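Peer 1: What follows is a single structure, and I will ask about it in a moment.
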Amino acid sequence: AVPELPVAATAARGARFAGAAAETETEERPQEGQAGAEDLREVAHLVRALTRLRREGRSGDAHVLLNEAAYWPAVRFPLLAGEMERAGLAADWATLLWEAAATLPAERLVAAADALGAGGRAEDGEQILRQGVVRPAAEIGHAALALADGTRHRELRALLDACVRMRTPQDAARTAAPDPGRLVPLLLTAARGVSEERHWDVLHALRVAGLAA
């Protein structure tokens, strides 16, 4: 039996990308973007459980816990990074990052990357964004619209920046398909932030796709 580990959200096993998790936030955060006592307890509990499972050679059970932790609130990610590395679980931290990049809906992935950056783990945040934007272009577009509607401009910029850097101009252009009127200007701004050459490449791809004049 897997040791009980309370989590804020549990993933459907094997689910990938959008809609994979049903979130249940039962506890108020002490302040948005800051970890509270409950977060610290949950992280410590996970690290102890993982250490015991690794010592006992129960790799399957350990992987279940890592899958669940990938759906934890974003504010816990920097805490997990530090505590897992101090406990000699660096390989498990890398696995957790991969699970987050592969399974989290795009909005939550960006929130996790943002929290890692704010917690001094910018390299980890950039890594999961790079891995996470390799998913259906329409999903990235819908996530960008959701972030824009929620006025989460920093996360929006991070998502589109990773998109235009990591995808081909043609793939990046398809991101604008859900709402060209809103997404084309945002995408071009992100591309210009990379370079003028990338801006023109993305603009050309948008025109070829019939998404921009």
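The values are calculated or read from the model by the stated rules, or taken from the named source; none is laboratory data. In this text the structure is predicted, and so the values were computed from the model without any measurement. Quick reminder, even Gly has a Cβ in these numbers, built from the backbone with ideal geometry, and neighbours come from all protein chains shown. Accessible surface areas use protein heavy atoms only, side chains included; no ligands, DNA or RNA. Shrake-Rupley method; radii C 1.70, N 1.55, O 1.52, S 1.80 Å.
Peer 1: Would you point out the residue of segment 130-144, among those that are part of a helix (DSSP H, G or I) and open to solvent by 20 Å² or more (accessible area, probe 1.4 Å), that is nearest to Gln170 (Cα to Cα)? Reasoning before the result, please.
Peer 2: Here is the first cut: in segment 130-144, the residues part of a helix (DSSP H, G or I) are 130-132, 137-144.
From what's left, open to solvent by 20 Å² or more (accessible area, probe 1.4 Å): 130-131, 138-139, 142.
Numbers: Arg130: 17, Gln131: 18, Ala138: 13, Glu139: 15, His142: 17 Å.
The extreme case among them is Ala138.
Peer 1: Do the conditions hold for Glu83, that is, is it farther than 18 Å from Ala35 by Cβ and part of a helix (DSSP H, G or I)? Working first, answer last.
Peer 2: Numbers: farther than 18 Å from Ala35 by Cβ: no; part of a helix (DSSP H, G or I): yes.
Here the answer is no, as Glu83 does not meet what is asked.
Peer 1: Something else: Mind checking which residues of segment 62-78 are open to solvent by 10 Å² or more (accessible area, probe 1.4 Å) and touching a strand residue (DSSP E or B) at 6+ places or on another chain (Cβ under 7 Å)?
Peer 2: Of everything in segment 62-78, those that are open to solvent by 10 Å² or more (accessible area, probe 1.4 Å) and touching a strand residue (DSSP E or B) at 6+ places or on another chain (Cβ under 7 Å) turn out to be Asn67, Glu68, Val75.
Peer 1: Return only the number of the condition from (1) buried (at least 17 other Cβ atoms within 10 Å of the Cβ); (2) under 10 Å from the mean Cα position of the chain (by Cα); (3) within 25 Å of Val64 (Cβ to Cβ) that Leu96 does not satisfy.
Peer 2: (2)
Peer 1: Restricting to segment 25-49, and then to whatever is of a type outside the set (Asp, Glu), buried (at least 18 other Cβ atoms within 10 Å of the Cβ) and under 20 Å from Leu104 (Cβ atoms), can you tell me which residue is modelled with the lowest pLDDT?
Peer 2: My answer is Ala35.
Peer 1: Considering only segment 116-129, state which residues are charged (D, E, K, R) and either surrounded by 17 or more Cβ atoms within 10 Å (Cβ to Cβ) or under 14 Å from Thr168 (Cα atoms) (or both).
Peer 2: Arg121, Asp124, Glu126
Peer 1: So in segment 119-129, with the set limited to residues that are in a helix (DSSP H, G or I) and charged (D, E, K, R), which one is modelled with the highest pLDDT?
Peer 2: To start, the set of residues in segment 119-129 that are in a helix (DSSP H, G or I) comprises 122-129.
Remaining after also requiring charged (D, E, K, R): 123-124, 126.
Working: Glu123: 91, Asp124: 94, Glu126: 87.
Among residues in segment 119-129 that are in a helix (DSSP H, G or I) and charged (D, E, K, R), the one modelled with the highest pLDDT is Asp124.
Peer 1: Also, I was wondering about something else. Check segment 174-188 and report whether any residue there is in contact (Cβ under 8 Å) with a residue 24 or more places away in the chain and under 30 Å from Ala35 (Cβ atoms).
Peer 2: No, segment 174-188 has no match at all.
Peer 1: Kindly provide the set of residues from segment 146-157 that are open to solvent by 20 Å² or more (accessible area, probe 1.4 Å) and either at negative phi or modelled with pLDDT of 90 or more (or both), ordered by number. Quick ask: steps written out before the conclusion?
Peer 2: Applying the first criterion (open to solvent by 20 Å² or more (accessible area, probe 1.4 Å)) to segment 146-157 yields 146, 148-155, 157.
Selection gives Ala146, Ala148, Asp149, Gly150, Arg152, His153, Arg154, Glu155, Arg157.
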